[in-house]
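The structure appears right after this line, and notes come after that.
Quick note: the coordinates plus some simple rules give every number you see, no bench work behind them. Bear in mind the structure is a predicted one, so any value in this text is a computation, not a measurement. Please note: Cβ atoms are built from the backbone with ideal geometry, for glycine as well, and neighbour counts cover all protein chains shown.
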Amino acid sequence: MPGLLARLRQALFIDCTATCLGSLPVYAGLAAVILLGVNSSQAAVRVPATPLVGRVELGAAKNAADATVACMYPMTGRSASYSRDSIVAIKLALEELSADPAAPRLRVIVDDSRSKSSFAVRMAEDFIRQDNANILCGMVSSGVGMAVSRLAKQRKIILIGTDHASSRATLEEGHEYYFRVSSDTWYSHAAGARYLQELQQKTGWKKLAFLGPDYEYGRVAWRDLQQALELLGVDYEVTGTYWPKLYEPDYSLYIQALLESQPDVLVVALWGGDFTAFIAQARTTRLFLQMRVANFDAGGDYETLVSLGPEAPEGLILSARHHVNWPDTKLNHQFVNRFHALSGRYPSYSAQGAYAGMLIIASAIRQAGKASDTDAMISALEGLHIRLPKDPEGYVSYIDPDTHQIVQAQVIGIPVPNTHYPPAQVMLGNWRIYDAESLKPSPALVKKRRGESGN
């Protein structure tokens with residue numbers, strides 16, 4: 001009986017780690033060890049260097065810090081990996097800054113936004129009132145980012161967006177306290193429109209469908225794509241637009257509708273686990289045989305490439321806000337390799353945004369003199385130039401002083417066999433590169449977008 005009980009305990013523990021830990025913290029596995037009496041050395045649960053759920057403090061101690069930076073990322077559910085990778089990237093940036101005696105000392109607080117706007121706004125208020133935060137940062141969901149941006153404007157505190165991508169944050173609702181340090185839906189879909197124009201010249205495609213999450217990010221991505229295609233003069237017919245909820249578990253009805261409407265090209269704006277789930281479900285049908293499928297903003301994320309296995313579905317066209325294997329520069333290699341050395345895995349695109357955010361904040365403080373001088377910080381951030389892992393050779397990212405959006409090149413590729421970054425068996429290749437300045441929204445477009453919103 002004791003042997004049977006031990007086996008039952010072990011089986012239950014294994015089941016928990018296989019089914020629970022994808023969305024729950026590793027503490028769930030540790031709780032199973034404790035409650036079930038399994039020897040922790042036998043259970044082989046890898047404990048992360050920082051908790052995956054709950055408040056994390058990094059960098060300088062409160063009384064030794066030149067600035068307190070308070071960041072919010074989702075720590076549970078399908079998007080929890082973005083928080084995990086952002087924390088690792090923040091550690092890398094802080095490590096670099098600590099090696100520079102002249103660099104400001106940052107105290108960085110990270111906590112769980114729960115992907116809920118109202119909760120994140122209350123958390124931001126607590127950061128300001130209780131932690132005396134000088135700067136807010138982070139956020140993955142555009143809905144959350146926009147809500148906290150409105151608070152930042154009201155409270156006159158700088159917000160550095162590192163991940164959320166709705167272009168409305170810098171165009172229609174842009175304000176002096178908001179800056180974004182990763183590509184947005186305009187830049188990615190302006191590049192996507194160029195790619196589709198080139199593809200049409202080769203294949204003659206005419207019919208287009210769009211599928212995106214039914215909230216801020218998805219709706220704005222579709223508008224940005226339409227606007228970019230219009231500016232290029234691309235002629236096409238829309239066969240349908242489809243709006244699943246964020247974190248939708250079952251895409252079968254949408255897939256069936258797409259098979260019936262028969263577009264030549266489907267553009268998808270799902271991200272993270274949502275896009276991975278969509279691909280997995282679509283692979284059981286003829287969808288990839290009937291149409292080209294593109295995801296220009298988040299589809300080329302490393303974790304998505306891992307999920308594709310040894311052979312990607314036919315016809316995929318993908319990009320992301322950072323790529324493990326592009327650009328082929330010393331700086332990108334160093335970032336990717338250091339991330340892997342610290343975490344044991346390769347970074348998702350969210351990592352480069354968080355890394356950039358810390359270095360940009362430090363650079364602005366150095367120029368401004370102190371983080372508490374908000375006006376001087378804004379002046380330092382506007383037009384700030386900084387070389388980042390995403391930059392191809394010869395280019396330096398900068399923050400557009402008008403929109404407060406970072407200006408960066410975009411690349412789009414297709415999955416090709418590549419085992420240099422395990423466990424991924426495919427990576428993107430056959431790149432099409434679109435230089436940063438060619439993607440930047442024109443002054444006329446910025447004026448039009450802001451005029452429509454009354455700003």
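Among 81-91, 126-136, what's the highest-first ranking by average C-beta atoms within 10 angstrom per residue?
Final packing ranking: 81-91, 126-136.
For the pairs K62/K91; K62/K156; K245/K448; K62/K370, flag any whose C-alpha to C-alpha distance is greater than 24 Å.
As for pairs spanning more than 24 Å Cα to Cα, those are K245/K448.
How would you rank 233-240, 272-279, highest first, on the average number of other Cβ atoms within 10 Å across their residues?
272-279, 233-240
Name the trypsin sites (Lys or Arg not before Pro) in the range 285-349 that are in a loop by DSSP and that have at most 12 other C-beta atoms within 10 Å, would you?
Loop-located and lightly packed - R286.
As a footprinting exposure proxy, order H164, H322, H340 by other Cβ within 10 Å, with the fewest listed first.
The fewest-first ordering by Cβ neighbours comes to H340, H164, H322.
So for the pair L253, R150, with labels modelled 7 Å out along Cα→Cβ, what separation do we get in nm?
2.9 nm
Can you order the peptides 108-116, 187-195, 443-451 by their average number of other Cβ atoms within 10 Å per residue, highest first?
For the peptides 108-116, 187-195, 443-451, the packing ranking is 187-195, 108-116, 443-451.
Can you pull the one-decimal nm distance between simple spin-label points at T76 and D328, each 7 Å off the Cα toward Cβ?
4.5 nm
Please order E393, E95, E172 by the number of other Cβ within 10 Å, starting at the fewest.
Starting with the residue having the fewest Cβ neighbours, the order is E393, E95, E172.
What ³J(HN,Hα) values, in whole Hz, does the Karplus curve 6.51 cos²θ - 1.76 cosθ + 1.60 give for the range 423-433 when θ = phi - 60°, with x put for Gly and Pro?
Per residue, the Karplus-derived 3J(HN,Hα) values read x, 4, 10, 9, 9, 7, x, 6, 5, 10, 9 Hz.
If you take the beta carbon distance between Q281 and E198 as r and set R0 to 45 Å, what does 1/(1 + (r/R0)^6) give as a FRET efficiency, to the nearest 0.05?
FRET efficiency, Q281 to E198: 0.95.
Just to be sure I understand: if I project the alpha-carbon convex hull of the range 209-286 onto a plane and average over all orientations, what area do I get in nm²?
5.0 nm²
Going by C-beta contacts inside 10 Å, put Y395, Y346 in order with the fewest on the left.
So the residues, fewest neighbours to most, are Y395, Y346.
Looking at the chain only, what percent of DSSP beta bridges run antiparallel? Nearest 5 please.
Roughly 35 percent of the beta bridges in the chain run antiparallel, per DSSP.
Which one, (i) 42, 33, 22; (ii) 33, 31, 20; (iii) 54, 26, 20, gives semi-axes √(5λ) of the Cα gyration tensor in Å as derived from the coordinates shown?
Answer label, from the structure shown: (ii).
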